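Chemist: Attaching a single structure in structure tokens format; questions to follow.
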2 protein chains.
Amino acid sequence: MKDGVPAHSGCAVEQVLRLLSGRWTLYILWRLQDMGPQRFNALVRLIPGVSPKVLTERLKALENAGLVSRHYEPTVPPQVTYSLTDRAVELRATLDQIAGVSRSWVAEGWRMDTGFPDPAKDG
Amino acid sequence: MKDGVPAHSGCAVEQVLRLLSGRWTLYILWRLQDMGPQRFNALVRLIPGVSPKVLTERLKALENAGLVSRHYEPTVPPQVTYSLTDRAVELRATLDQIAGVSRSWVAEGWRMDTGFPDPAKDG
DNA sequence: GTAAGTAGGTACCATTTGGTAACTAAAGGG
DNA sequence: CCCTTTAGTTACCAAATGGTACCTACTTAC
């Protein structure tokens, strides 16, 4: 984006997709859903490969979007617990829909070959 | 991604989200849905701001994913027409769901403030 | 004194992504 | 001959994204 071209920024769907499509974002949501409220370092360990930097970023974004709530306990050392909000539950049904479509495609033998670099093509 | 960390690549939802979250991708799908099958340059003109490079890339990805079909007419000059597949229609219902949630959030005064750079902050 | 844990923040770096401009071949119009 | 159209491709460049490593302030354990 350079200057005055707003693209299709007014579109709510794009915004939500953009929020959800960041790396680890869905994983975070699913872990919080499956395991209940979690503390920061617990999430780091629960999501193998995520860096604290990105996890912080994602949690902030999700908090600003109202999908995650952050509870800070000013003990020493501090305890910060993250949990899903009601809004996130709303989203969950939608995500289940996507999951359904995705899985049905995979079941039909659908191979994800979008031209994006394959993250699993290690030796 | 560096080497052997597969992240959560096995997850179909992530794959689909990754496909859909690229810039212009949803826009392309919506234009094809609203306006019916379109030729390449028609799409370029229909989506203000998209470059032929990215449009080609997206259309290829969507074709590989089985959401768009490409009809090549070997005339001179050639005519290439893109249209949605049945699979894309399946996806449409899901997208409508997301659209519903997104719009309800917006209606409640939800502001997209995810910490991502705001694409509309020109001035 | 040293190590570990808590919840991140910061600097730096590599990769990914997307944009611009120029180019292609083959035909038609002036 | 020169310009236009079609459907892209290519080279180049800037910005966004995400990873690693190191830092904080404070306490407990050894």
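Chemist: Enter the buried accessible area of the A/B pair, total of both sides, probe 1.4 Å, in Å² rounded to the nearest 100. Let's see the in-between values first.
Modeler: Working: alone 9320 and 9330 Å², together 13540 Å².
It comes to approximately 5100 Å² buried between A and B.
Chemist: Please report the spacing between the Cα centers of the stretch A:62-81 and the stretch B:63-115 in Å, no decimals.
Modeler: Between the Cα centres of the stretch A:62-81 and the stretch B:63-115 lies a distance of 36 Å.
Chemist: Ignoring ligands, DNA and RNA, please state the percent of accessible area on the stretch B:16-107 from carbon and sulfur, probe 1.4 Å. Write down the numbers at each step before the final one.
Modeler: Working: 2400 of 4660 Å².
Result for the stretch B:16-107: 51 percent of the exposed heavy-atom area is carbon or sulfur.
Chemist: Using the crude model of +1 on Lys and Arg Cβ and -1 on Asp and Glu Cβ, and no other charge, please compute the dipole size for the stretch B:16-107 relative to its Cα centre, in debye to 20.
Modeler: Here the size comes out at about 280 debye.
Chemist: So, counting K/R as plus one and D/E as minus one, what does the shell of residues with Cβ under 13 Å around B:VAL50 add up to?
Modeler: +4
Chemist: Considering the zone a paramagnetic label at A:GLU73 would reach in this model (a point 7 Å from Cα along the Cα-to-Cβ line), which residues of the stretch A:26-43 have amide N under 15 Å from it?
Modeler: Backbone N within reach: A:37-43.
Chemist: Suppose each label sits 7 Å from its Cα in the direction of the beta carbon; what would the B:ASP34-B:ASN64 distance come out to in nanometres?
Modeler: About 2.8 nm, to one decimal.
The values are calculated or read from the model by the stated rules, or taken from the named source; none is laboratory data. Here the structure is a predicted model, which means the values were calculated and not measured. Neighbour counts run over all protein chains shown; Cβ positions are idealised from the backbone, glycine included. Accessible surface areas use protein heavy atoms only, side chains included; no ligands, DNA or RNA. Shrake-Rupley method; radii C 1.70, N 1.55, O 1.52, S 1.80 Å.
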